[in-house]
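Contents: one structure, followed by commentary.
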Amino acid sequence: LVELINDILDFSKIEAGKLELEIRDCSPYQIMMEVVNVLRMKADQQSLDLTFTIQGTIPGTIQSDPPRLRQILMNLVSNAIKFTSEGGVKIVASTIEQDGRPFIRFEVADTGIGMTLEQMGRLFQEFMQADSSVTRRFGGTGLGLAISKRLTETMGGRMAVNSELGVGSTFHFCVSILPCQRLQL
């Protein structure tokens, strides 16, 4: 219930243009470690592997909004665990360059139920999920991914998903490494 209320409040702030990011130094490694530590028990209860790794090198600190970055990762990893019955969930962080600017790219990959192209097309819409059977079976409000995508874009990045039905899904997003201005949604 608290998560639902917080999602609705965040969504309301985003829609009203009142959600302000608090940009400060933060450690991407530390944030990934915190997310894994918080969600490890949930993964263990389902006998799932939950890991994180760094591909190449990433900066020790970046300028970002740590609670919002953590919120995005928590949502993606929590969803991955929810939709995975065997195998595991893996977070991978790497440094990439887009449009001549450096970004940290996070991937959250699972071995879950996967999605069709049609289902993926609805994912980032407010109050929408893959389809009604998914809502009945797994629950949720359909706000988490919409909020996460908007937060990612506000931090100068992008979010997308690749998925194969019956094989799993990989959500990926990037955030700028360079200091960004205080932005409002």
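Selection of first residues in segment 153-169 that are more than 13 Å from Leu69 (Cα to Cα) and of second residues that are at pLDDT 95 or above and in a helix (DSSP H, G or I), restricted to Cβ pairs under 8 Å at least 6 apart or on distinct chains, gives the following pairs, ordered by first then second residue: Ser169/Ala80.
So that you can scan it fast, the table gives a plain yes or no per residue for (1) under 21 Å from Thr152 (Cα atoms); (2) open to solvent by less than 50 Å² (accessible area, probe 1.4 Å):
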position	(1), (2)
Leu19	yes, yes
Phe52	yes, no
Gln71	yes, yes
Phe83	no, yes
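Considering the conditions (1) modelled with pLDDT of 80 or more; (2) open to solvent by 50 Å² or more (accessible area, probe 1.4 Å); (3) part of a loop (DSSP other than H, G, I, E, B), Gln125 is excluded by exactly one of them, (1).
Candidates in segment 87-112 are the residues that are charged (D, E, K, R) and under 16 Å from Leu145 (Cβ atoms); of these, the one that is surrounded by the fewest Cβ atoms within 10 Å (Cβ to Cβ) is Glu107. All conditions in (1) in contact with an Asp or Glu (Cβ under 7 Å, 6 or more places away or on another chain); (2) buried (at least 20 other Cβ atoms within 10 Å of the Cβ) hold for Val35, with the sole exception of (1).
Going residue by residue through segment 17-26, is there one that turns out to be within 15 Å of the chain's Cα centre (by Cα) and of a type outside the set (D, E, K, R)? No, every residue in segment 17-26 fails to be within 15 Å of the chain's Cα centre (by Cα) and of a type outside the set (D, E, K, R).
The values are calculated or read from the model by the stated rules, or taken from the named source; none is laboratory data. If you're wondering where the values come from, they're calculated on a predicted model, not measured in any experiment. Cβ atoms come from the backbone with ideal geometry, glycine included; neighbour counts cover every protein chain shown. Heads up: the accessible areas ignore ligands, DNA and RNA and are worked out on the full protein's heavy atoms, side chains in. Shrake-Rupley method; radii C 1.70, N 1.55, O 1.52, S 1.80 Å.
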